[in-house]
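What follows is a set of notes on a single structure, which appears directly below.
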Number of protein chains: 2
Amino acid sequence: MMSFDRLQEKIDAMQNPTVVGLDPDLGNIPPQMLEKHVAEKGETLEAAASAVCEFNFGLIDALCDVVPAVKPQSAFFELLGPSGVLALKQTCDYAKEKGLYVICDGKRNDIDSTAQAYAGAYLGTVKVGSAELFPFDVDALTVSAYLGSDGIKPFIDMSAKYDKAVFALVKTSNPSSGELQDKRIGSQTLYTAVGDLMQEISAGTIGKYGYSRVGAVVGATYPEEMEFLRDRLRSTFFLVPGYGAQGGSAAEAAKAFDKNGCGAIVNSSRGIIAAWKKSGGDYQSAAREEALRMRDELRNAIGKY
Amino acid sequence: MMSFDRLQEKIDAMQNPTVVGLDPDLGNIPPQMLEKHVAEKGETLEAAASAVCEFNFGLIDALCDVVPAVKPQSAFFELLGPSGVLALKQTCDYAKEKGLYVICDGKRNDIDSTAQAYAGAYLGTVKVGSAELFPFDVDALTVSAYLGSDGIKPFIDMSAKYDKAVFALVKTSNPSSGELQDKRIGSQTLYTAVGDLMQEISAGTIGKYGYSRVGAVVGATYPEEMEFLRDRLRSTFFLVPGYGAQGGSAAEAAKAFDKNGCGAIVNSSRGIIAAWKKSGGDYQSAAREEALRMRDELRNAIGKY
């Protein structure tokens, strides 16, 4: 089944279009958990990476019957060096084992054989001798499109071969996203041009729910732009950051969905994984409670389930 | 000394503005080297990563008295999973030990605490308990600017703190780079807008040779655009891909340099590291010979040394 079809069916099965952003900033991990690993392995990157793994595994256990997907943010793993990248791999593997759809948020981008290498790393394989090995093997990867179609096509090809998908940055959720993305190119904006280009080059990859293998990152913090893009990019699945901590509401995020209530998934990172800081309870229960609250809020706003 | 001042002085000391792109695609490694590691460790990612390390260390040994800098391409390391990222770290460490300036080519990009995490990973530190640890600690990182100044400022701040630098994608060397980058925004192109924005937000970071901490990637394959940007972005150090294998000539690459013959470095990857495939000799001698040939060609074209 096509990658985004699988995602849509997981969303429908859970009646919950939420993806949990795994952003394991050390400040988001309960202090006693980090201290335990430091006591064993010293004040090292290895200790921090083990703590990150324990934290993520706990979140996955607490959330895997409530949310359809997780989005590990590569930066927080890379911040712990090679041990951190091992923790990323272990986190992705554990999430898949628990039935979750895994979107690696790496915003990768390059051209030619280099783009192929990124695509192979996250969505495909590498050949060592006669063995075909899967380095990270996630379901989808975020990518940036500034290099043009040369930079995206290798990801589309790899996605088609191994049934994966990508999300390209179109209109991001941050305050300065407009500095370049909102610039007018003739009668359009740059983000529209990027969205159009992504839809054009992925036209041959549409699955049964009408969505291609190239999705788009569109922030909930810009509801007008969201509405415009939802109407324009009919075959583009949306990954929606900006809900919660960044200020986007459920009603704003709901604009990302098509008339059938399909075609988008809304991210929350700190709001869920660091919920324990506000609630004061254990981090697993706090995350689960917030995920259920967000699910109900999105359900109401979308009016589907 | 400011990061790009150090780079300029290394270039002047070697009389060679070349950076060697370490793109360890397994196809670029002599087959018997890969076979040796496979015989020891099986057809595994670990075997491939060890082979990559041996290959890179050999290249660094052969080139460290001829070139001032190397540019490991992260994608080819990530393609080998966490073991590959360990090989990236080991390659960067070995290159620094041999006195080389290390540019990690990761084209990273994100916002807020996530951009800070990338900046900490490559250009700064992470705190684990009371220890301040340096995860990758390279001299410079390539970044993408599509997210606007929010996405670049955390890298500038980290660079200022640890004396590092970044190169932002401005006008890339690939055939489709114009699809978005050449779009006209009023009287300018998008790549000009990106270049202007980068120069503006790095204005307070100028070193003694007149260059700021935010350089630009500008391809040798677009010589007119190069000339225009060199004239416009007076305080922007250029990293120049596209020479050699991609079709850019030394005369075209020479347009990246200012009137004093400063302010740029020209990349060659396959041309140097896979020179053994053409010459038939051992890979180290072949790489060194090609690096010397390229040096002489650039010297002539720039007319400085």
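The values are calculated or read from the model by the stated rules, or taken from the named source; none is laboratory data. Being a predicted model, the structure only gives us computed values, none of them experimental. As a convention, Cβ positions derive from the backbone with ideal geometry for all residues, glycine included, and neighbour counts pool all protein chains shown.
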Hey, among B:ALA245, B:ALA291, B:ALA286, which residue is in contact (Cβ under 8 Å) with a residue 40 or more places away in the chain, small (Gly, Ala, Ser) and in a helix (DSSP H, G or I)?
B:ALA291
Failed item, numbered, when A:SER177 is tested on (1) touching a residue at least 12 places away in the same chain (Cβ under 8 Å); (2) in contact with an Asp or Glu (Cβ under 7 Å, 6 or more places away or on another chain); (3) facing chain B (nearest Cβ under 8 Å):
(2)
Can you name every residue in the stretch A:13-40 that is more than 9 Å from chain B (Cβ to nearest Cβ) and hydrophobic (A, V, I, L, M, F, W, C)?
A:ALA13, A:MET14, A:VAL19, A:VAL20, A:LEU22, A:ILE29, A:MET33, A:ALA39
Would you pick out the residues in the stretch B:110-149 that are at positive phi and out of contact with any Pro (no Cβ under 9 Å at 6 or more places or on another chain)?
B:GLY129, B:ASP137
Can you confirm whether A:VAL85 is closer than 26 Å to B:LEU123 by Cα, free of Cβ contacts under 8 Å to residues at least 12 places away in the same chain, within 12 Å of chain B (Cβ to nearest Cβ) and touching a Pro at 6+ places or on another chain (Cβ under 6 Å)?
yes
Among the residues of the stretch B:234-256, which ones are surrounded by fewer than 23 Cβ atoms within 10 Å (Cβ to Cβ), touching a helix residue (DSSP H, G or I) at 6+ places or on another chain (Cβ under 7 Å) and not small (Gly, Ala, Ser)?
B:GLU252
One residue is enough: does the stretch A:188-196 have a residue meeting the conditions buried (at least 18 other Cβ atoms within 10 Å of the Cβ), at the interface with chain B (Cβ under 9 Å from one of its Cβ atoms) and aromatic (Phe, Trp, Tyr)?
no
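Please tell me if B:VAL66 is at pLDDT 95 or above, in contact with a helix residue (DSSP H, G or I) (Cβ under 7 Å, 6 or more places away or on another chain) and surrounded by fewer than 24 Cβ atoms within 10 Å (Cβ to Cβ).
yes
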Filtered residue count, the stretch A:171-187, keeping only those that are in a strand (DSSP E or B), out of contact with any Ser or Thr (no Cβ under 7 Å at 6 or more places or on another chain) and of a type outside the set (A, V, I, L, M, F, W, C)
1
I'd like to check something: does the stretch B:204-224 contain any residue that is among the hydrophobic types (A, V, I, L, M, F, W, C), more than 21 Å from A:LEU147 (Cα to Cα) and at pLDDT 95 or above?
yes
Suppose we keep only residues that are in contact (Cβ under 8 Å) with a residue 40 or more places away in the chain, within 23 Å of B:GLU78 (Cβ to Cβ) and out of contact with any Gly (no Cβ under 6 Å at 6 or more places or on another chain) within the stretch A:56-72. Which one would you say is nearest to the other protein chains (Cβ to nearest Cβ)?
A:PRO72
By residue number, the members of the stretch A:257-283 that are touching a helix residue (DSSP H, G or I) at 6+ places or on another chain (Cβ under 7 Å), at pLDDT 95 or above and part of a helix (DSSP H, G or I) are A:ARG270, A:GLY271, A:ILE272, A:ILE273, A:ALA275, A:TRP276, A:TYR283
Is there a residue in the stretch B:116-132 that is among the basic types (Lys, Arg) and within 17 Å of the chain's Cα centre (by Cα)?
no
State the number of residues belonging to the stretch B:128-151 that are more than 9 Å from chain A (Cβ to nearest Cβ) and farther than 24 Å from B:GLY84 by Cβ.
1
Among the residues in the stretch B:25-47, are any of a type in the set (Asp, Glu), under 18 Å from the mean Cα position of the chain (by Cα) and buried (at least 24 other Cβ atoms within 10 Å of the Cβ)?
no
A:MET294 vs (1) under 21 Å from A:VAL194 (Cα atoms); (2) within 18 Å of the chain's Cα centre (by Cα): all pass except (1)
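Each row is one residue, and each column tells you yes or no for (1) polar (S, T, N, Q); (2) closer than 25 Å to A:CYS53 by Cα; (3) crowded, with 24+ Cβ neighbours inside 10 Å.
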residue	(1), (2), (3)
A:ALA264	no, no, yes
A:SER269	yes, yes, yes
A:LYS277	no, yes, no
A:GLY280	no, yes, no
A:GLN284	yes, yes, no
A:ASN300	yes, no, no
Can you pull out the residues in the stretch B:265-305 that are among the basic types (Lys, Arg) and more than 17 Å from B:ASP25 (Cα to Cα)?
B:ARG288, B:ARG293, B:ARG295, B:ARG299, B:LYS304
Go through the stretch A:256-285 and report how many residues are over 18 Å from the mean Cα position of the chain (by Cα) and under 26 Å from A:ALA165 (Cα atoms).
4
Look at B:ALA168 and say whether it is within 11 Å of chain A (Cβ to nearest Cβ) and either assigned to a loop (DSSP other than H, G, I, E, B) or under 16 Å from the mean Cα position of the chain (by Cα) (or both).
yes
Evaluate the stretch B:109-127: report whether one residue or more is surrounded by 24 or more Cβ atoms within 10 Å (Cβ to Cβ), farther than 19 Å from B:GLY219 by Cβ, facing chain A (nearest Cβ under 10 Å) and among the acidic types (Asp, Glu).
yes
